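Participant: For reference, the structure I am asking about is given below.
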Amino acid sequence: MISLEINGKSYKVDVAPDVPLLWVIRERLKLTGTKYGCGIGMCGSCTVHIDGKAQRSCQIAVVDAQGRKITTIEGLPENHPIKKAWIQEQVPQCGYCQTGQIMQAAALLAEDPHPSETKILQAMDGNLCRCGTYSKIKSAIRLASKGGSRP
Amino acid sequence: MKTTITRRHFLKITAGAGLSIAVAATPMGYRLLSAGEMEKEPFSFRPSVWLKILPDNMVIVVVNKSEMGQGVYTSLPMIVADELDADWKNVRMEVAPAADAYKDPEWGTQATGGSSSIRHMHEPLRKAGAAAREMLLIAAAREWNVGVKECAVDFGKVRHLTSNRMLTYGQLTNEASKLEVPQNPALKMEKQLRYIGKEIPRFDMHDKVNGTAQFGIDSFLPGMLYAAIIRPPAYEANLVSFNKEAAEGVAGVRAVVPIHSGMAVCADTIDAAWKGRDALKPDWKNARHPDLSTKSLEKDFISHLEIKGIIARNDGDVTSALKAAATRIESVYQLPFLSHATMEPMNCTAHVRPDGCDIWVPTQNQSGVLKTAMQITGLKPEQINVHTTFLGGGFGRRFEKDFVEEALLLSLSTGKPAKLVWKREEDMQNDLYRPMNVSRIQASLDNDGRVTGWSHKIVCPSIFARVFPQYMKNGIDNAAVEGLENMEYEVPNITVEYVRFDTPVPVGFWRSVGSSHNAFTVESFVDELAHAAGKDPLEFRLGLLKKHPRAQRVLQVAAEKAGWGKPMAKGQARGIAYHMSFGSYVAEVAEVSANRKDGTIKVHKVTCAVDCGSTVNPGIVSAQMMGGLTMGLSSALKEKVELADGGVKSANFGDYELLRMSEAPEVDVHIVKSDEKLGGIGEPGVPPVAPAVANAVFTAVGARIRQLPMKPETVLEALKQT
C-alpha cells in the first residue's frame, strides 16, 4: 500500500511502487484534470504541485511522492487569481493542456508574484499548447500578477 | 456546466413538457416541426436540429458538432438564443448523440471539419430560434386575448406593449407547443441582434479551467480493461515472434489479444497494460518498404516532377506566355509530412454487449464511428450510443476511425468494456499525415514586370482517394490542388498540373488541408516575382488582385496595422502573405529577425487581418486566428516527420518539436467588417503565416526559403545559394 496526500486528503493505493504518479492520480483516483500528454516530461500536461513546486507527474514514481504534499488542479481554489485570469482572458481552446499550464503558472506566481517576461517564458516553456494559446496564457499570467482583475 | 448526456436522458427531455422545435433538411430548404408533429412522422423522417424551451425557462440547444477548441459549443447556441431573444444565462447546450437526426444538413453526415460548423448550421438554427419566438408570441397573444402585433419578445419574456404585462417563455411553453410551427419565420434585423457579433464568454471555460471537462481519456466504465497495442516499427512489417508468457506474467494482465494493427495487451490497470506491452518484446520482419526514408522520399517526389500529370486548371496559353517572357522564373518548393500531434493522444472507450454498444470517444466523425460500430458489432444504429466527449485537439486527425475500430474489437474479443489510450509514440508514428509535396512553378514577366504566365505542377499524395473516393474528379484530388486551382491572382495564362504520388505513408486531413502547403508555395513564389519585377510585395499583390476586393482589403488592413514600409533594424524585416480558404480571406504580416551566422529565425510579431463575412463571436474568431497562425508557425519553423528503415522515426516531442511559448510571437488580429457570406474560422488562420515568415526572411537576409521547416540548417543552405 502506498499512502498519498493529495489536495489535503489522504489516500491509500494498492499499486506497484514504480508506477508513475500520473497514472495513480488520474486513472486510480480519478482526479482526471491532470492529463497524459507525452510520458517523457516534455509537454507539461501532467503538471502537479509537489511540496509547492511544479512537477511532471509522469516522471515521478508513486513511491517517491509518499510523504509529500501533492496538489492537482482539483485542489487549486476556485477563486485562485490564476483561474480567474484564465477565464477572464478566455485562454483555453481545446483545453487539454490548460490544467497543466495553470498549475505551472500558479507555481510561478507563488514563487514570484510579479514575474518578468523572461521569467514567465522560462517557467512556461516546458508546457506545450497545440491550439496556439501562448499569447493568451501570457496575458492571463500578467493579469493574475497584477491582482487578478482588469479595471 | 454539464455538457454530456446519455441518449435516454435526451429522449426524456425532448418528449416531456416544454416547447421543442426540430428542423428537417429538405431539398427545398428546411422544414420546422414541433415534437407532436415529429411523433406523427414516419421513422424515415429526419429532423436535424432540436431546440427545447422548458417550463423552468431553460433553453436547451442540442449541438451536433464536436468541440475541439473552435468554440462551437458556444457559437451555435448563440445563434439560436439570438433569434429566440433568450436570456443567455438560461441557455444550455447538450451534445447530440450520433443519429441520422443530427446529420449536417449540407453534408448528409454527422461530422465536424472543413471550417463549416457555423456556415452549415447557421440558417437552420436561426430558423429554429425564430420559429419558437413566433410561437411564443402567438401563445402570449392568445393568453391575453390581444393581437400578436401588440406583443414583443424581450429577453426571455413576452411583453404586452400597451399594458406591460409579461409572461416568461417557460410560462408559455405549454400553450406554444400546441401551435403549428411557422415555416418561414421572419429573422431579426441586424440591429435587433443581441448576441451575434458580441464577445460572449465561452460555455466551456470553467470546466476547462477547473479540470472537470470530460475528454475521451477521462472515460471510465465499471469492470473495464485497459488496452495497449504493440505496432510494427515499419509499414506492413510482420510480427514473427513475441513473448506472450512474459506479458501474461505481469500482475494485472488479463489477456494478450491479436488485432489487425499488432498485438494487444488487456489489463486491469493502465500501468499493467503498458508493462505487459513492454514485456512482449516483439520481433518484426519483412518491412514491405525497407528502404523508405526521408531521403528516399525526397528523391522520389522530385523525380515525379518529370511525370506527366492531370491538368486541374488551364487558363489561356501558358506555353506561349512562357516562350514570350521577358523574364522567366522557375522555383521548386518542398514541404514535409506533418503530424497532427493533438495534445490528447488517440483514445476510445468502448463497451460492446450482445444487445447494444456504448462508445465514449473524442471524435470529429460521429457518422463514421456509428458506421464502424455497426460493421464490427452487427448491431442496429439504434442499439449503438456514441458519446462525444470534448476533443483534446482534432485538426482533422479525429475524423479517422482507426482508434475506434481497435477499441470496439478489443471490447468484443474480451467481452468487457475496453479503454484504449495510445502512447504518444504510437500517436506520432501511426498518424495519417499532412501530405509531403513538391511543387515546380514557372512564371513569365513582361518588360513592365507584369505576370503573363504561371505554370504550377504539384506532386502530392491523395487524401480523397482513401477518404472520399467518390469526390475524386477526373483523377484530381481537390485537397491536393486547393489554393492552386482557385488561386485568385489575375494572371491571364495559368496551368495547374497534378501528379498523384501515393507513398506507403498514409495521409489525411490536417488543419487547412491543401491550403496548409499550397499557400506557402504560391505566396512565396509571388514574392519572388515581386522582387524580380522590382516592386513592393504588397503593391505587387494588390496589382494582381484588382477584381478581388476582399483579398485587397485584408492585405491593406494587415499591412497598415503592421506598419508596412516603416523602417526596421538591420537583420529584421516584415513579410506579407494572404490566402483565401474555407470562404474566408486572411492576410498576415510577420516581423522577423534572421541571423546570417547561425541561421536562426525569431518571429517577433504577426499581424493578422481576417474577412470571414459576418461574425458570430468575434472573440472566438480572434482566438482561432491566433491559434491557427501559431500552429502554422509551429509547422513552418519546426515540424517534419522523419522516416527511416521503412517507417516513421519521429516519436515524441523530443524529435518532433512543437513551437514553445518563448518562440511564439505577439499576435495582433483585426477583423475586417464585412457583409459577405459567412466564412470558416477554424482553419483559415493557418495558411498565410509560413510564407509571411519566409518572405520576411528573404527581405531581412536575402535567403529564399523553398523548403519547410525553416530550421537553421535550411536557412543557412538558402543563404549559401544567394
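The values are calculated or read from the model by the stated rules, or taken from the named source; none is laboratory data. Since we're looking at a predicted model, the values are computed, not measured. Virtual Cβ from ideal backbone geometry, glycine too; neighbours counted across all protein chains shown.
Participant: Quick one: which residue in A:98, A:122 is within 11 Å of chain B (Cβ to nearest Cβ) and surrounded by fewer than 18 Cβ atoms within 10 Å (Cβ to Cβ)? Please lay out each step first, then the result.
Facilitator: On the way: A:98 fails: surrounded by fewer than 18 Cβ atoms within 10 Å (Cβ to Cβ).
Going through A:98, A:122 in turn, the sole match is A:122.
Participant: Given the conditions (1) away from chain A (no Cβ under 14 Å); (2) out of contact with any Leu (no Cβ under 7 Å at 6 or more places or on another chain), and given that residue B:176 satisfies all but one, which numbered condition is not satisfied?
Facilitator: (2)
Participant: Can you tell me which residue in the range A:17-40 is surrounded by the fewest Cβ atoms within 10 Å (Cβ to Cβ), limited to those that are small (Gly, Ala, Ser) and in contact (Cβ under 8 Å) with a residue 40 or more places away in the chain? Spell out the reasoning first.
Facilitator: Within the range A:17-40, the subset small (Gly, Ala, Ser) is A:33, A:37, A:39.
Checking the rest, the ones that are also in contact (Cβ under 8 Å) with a residue 40 or more places away in the chain come to A:33, A:37.
Numbers: A:33: 25, A:37: 30.
Step by step, filter the range A:17-40, then rank; the result is A:33.
Participant: I would also like to ask the following. If you scan the range B:488-511, which residues turn out to be crowded, with 24+ Cβ neighbours inside 10 Å and either in a loop (DSSP other than H, G, I, E, B) or aliphatic (A, V, I, L, M) (or both)?
Facilitator: B:496, B:507, B:509, B:510, B:511
Participant: Working only within the range A:125-149, note down all residues that are part of a helix (DSSP H, G or I) and either facing chain B (nearest Cβ under 7 Å) or within 22 Å of residue B:638 (Cα to Cα) (or both). Walk me through how you get there before you give the answer.
Facilitator: Looking only at the range A:125-149, we keep the residues that are part of a helix (DSSP H, G or I), and these are A:134-145.
Within the range A:125-149, A:134, A:135, A:136, A:137, A:138 meet the criteria.
Participant: Does residue A:86 fit the bill of being within 10 Å of chain B (Cβ to nearest Cβ) and in contact with a Pro (Cβ under 8 Å, 6 or more places away or on another chain)? So that I can check it myself, show each step before the final result.
Facilitator: On the way: within 10 Å of chain B (Cβ to nearest Cβ): yes; in contact with a Pro (Cβ under 8 Å, 6 or more places away or on another chain): yes.
It is true that residue A:86 is within 10 Å of chain B (Cβ to nearest Cβ) and in contact with a Pro (Cβ under 8 Å, 6 or more places away or on another chain).
Participant: Can you tell me which residues in the range B:364-404 are over 24 Å from residue B:63 (Cα atoms) and either free of Cβ contacts under 8 Å to residues at least 40 places away in the same chain or within 14 Å of another protein chain (Cβ to nearest Cβ) (or both)? Reasoning before the result, please.
Facilitator: Taking the range B:364-404 first, the residues over 24 Å from residue B:63 (Cα atoms) are B:375-379, B:402.
Matches in the range B:364-404: B:375, B:376, B:377, B:378, B:379.
Participant: Related question: Of (1) farther than 25 Å from residue B:549 by Cβ; (2) within 14 Å of chain A (Cβ to nearest Cβ); (3) of a type in the set (S, T, N, Q), residue B:595 satisfies all except one. Which?
Facilitator: With (1) farther than 25 Å from residue B:549 by Cβ; (2) within 14 Å of chain A (Cβ to nearest Cβ); (3) of a type in the set (S, T, N, Q) applied to residue B:595, the lone miss is (2).
Participant: Let me ask you something else. Within the range B:191-206, restricting attention to residues that are away from every other protein chain (no Cβ under 14 Å) and in contact (Cβ under 8 Å) with a residue 12 or more places away in the chain, which residue is surrounded by the fewest Cβ atoms within 10 Å (Cβ to Cβ)? If you could, list the steps in order and put the result at the bottom.
Facilitator: Residues of the range B:191-206 that are away from every other protein chain (no Cβ under 14 Å), as a first pass: B:191-197.
Imposing the further condition that a residue be in contact (Cβ under 8 Å) with a residue 12 or more places away in the chain reduces the set to B:193-197.
Values: B:193: 18, B:194: 18, B:195: 21, B:196: 22, B:197: 16.
It comes out as B:197.
Participant: I need the full set of residues from the range B:521-546 which are touching a strand residue (DSSP E or B) at 6+ places or on another chain (Cβ under 8 Å) and more than 21 Å from residue B:636 (Cα to Cα), in order please.
Facilitator: B:529, B:532, B:533, B:538, B:541, B:544
Rundown of residues vs (1) away from chain A (no Cβ under 13 Å); (2) over 30 Å from residue B:572 (Cβ atoms); (3) not in a loop (DSSP other than H, G, I, E, B), yes/no style:
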position	(1), (2), (3)
B:651	no, yes, no
B:669	no, no, yes
B:677	yes, yes, no
B:685	no, no, no
B:693	yes, no, yes
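Participant: Quick check: is even one residue across the range A:20-34 within 23 Å of residue B:626 (Cβ to Cβ), at the interface with chain B (Cβ under 8 Å from one of its Cβ atoms) and among the basic types (Lys, Arg)?
Facilitator: In the first step, residues of the range A:20-34 are kept if they are within 23 Å of residue B:626 (Cβ to Cβ); the result is none.
No, every residue in the range A:20-34 fails to be within 23 Å of residue B:626 (Cβ to Cβ), at the interface with chain B (Cβ under 8 Å from one of its Cβ atoms) and among the basic types (Lys, Arg).
Participant: Related question: Among the numbered criteria (1) buried (at least 24 other Cβ atoms within 10 Å of the Cβ); (2) part of a loop (DSSP other than H, G, I, E, B); (3) within 20 Å of the chain's Cα centre (by Cα), which one does residue B:86 miss?
Facilitator: Here residue B:86 clears every test but (3).
Participant: With the structure loaded, tell me whether residue B:565 is crowded, with 17+ Cβ neighbours inside 10 Å and modelled with pLDDT of 95 or more or whether it fails that test.
Facilitator: Taking the combined requirement at face value, the residue does not satisfy it.
Participant: Criterion first (within 12 Å of the chain's Cα centre (by Cα), within 11 Å of chain B (Cβ to nearest Cβ) and either more than 16 Å from residue A:128 (Cβ to Cβ) or modelled with pLDDT of 95 or more (or both)) does residue A:43 satisfy it? Break it down stepwise before answering.
Facilitator: Working: within 12 Å of the chain's Cα centre (by Cα): yes; within 11 Å of chain B (Cβ to nearest Cβ): yes; either more than 16 Å from residue A:128 (Cβ to Cβ) or modelled with pLDDT of 95 or more (or both): yes.
Yes, satisfied.
Participant: When the residues of the range B:365-393 are filtered to those that are among the aliphatic types (A, V, I, L, M) and in a helix (DSSP H, G or I), which remaining residue is nearest to residue B:341 (Cα to Cα)? Let's see the steps before the verdict.
Facilitator: The first filter runs over the range B:365-393 and keeps only residues among the aliphatic types (A, V, I, L, M), leaving B:369-370, B:373-374, B:376, B:379, B:384, B:386, B:391.
Filter once more, so that each one left must be in a helix (DSSP H, G or I): B:369-370, B:373-374, B:376.
Details: B:369: 21, B:370: 25, B:373: 25, B:374: 29, B:376: 28 Å.
Here the residue is B:369.
Participant: Can you find a residue in the range B:512-535 that is part of a loop (DSSP other than H, G, I, E, B) and free of Cβ contacts under 8 Å to residues at least 60 places away in the same chain?
Facilitator: To start, the set of residues in the range B:512-535 that are part of a loop (DSSP other than H, G, I, E, B) comprises B:512, B:533-535.
Narrowing further to those that are free of Cβ contacts under 8 Å to residues at least 60 places away in the same chain: none.
No, every residue in the range B:512-535 fails to be part of a loop (DSSP other than H, G, I, E, B) and free of Cβ contacts under 8 Å to residues at least 60 places away in the same chain.
Participant: Restricting the search to the range B:594-614, which residues are in a loop (DSSP other than H, G, I, E, B) and under 18 Å from the mean Cα position of the chain (by Cα)?
Facilitator: Restricting attention to the range B:594-614, the residues satisfying the condition of being in a loop (DSSP other than H, G, I, E, B) are B:595-600, B:612-614.
Residue satisfying the conditions is B:612 alone.
Participant: Still on this structure: Tell me which residues, restricted to the range B:663-700, are more than 29 Å from residue A:139 (Cα to Cα) and surrounded by fewer than 22 Cβ atoms within 10 Å (Cβ to Cβ).
Facilitator: Scanning the range B:663-700 gives B:675, B:676, B:677, B:678, B:699.
Participant: Return only the number of the condition from (1) away from chain A (no Cβ under 14 Å); (2) under 33 Å from the mean Cα position of the chain (by Cα); (3) at negative phi that residue B:255 does not satisfy.
Facilitator: Failed condition: (2).
Participant: Which condition from (1) at positive phi; (2) crowded, with 20+ Cβ neighbours inside 10 Å; (3) not acidic (Asp, Glu) is the one that residue B:475 breaks?
Facilitator: (2)
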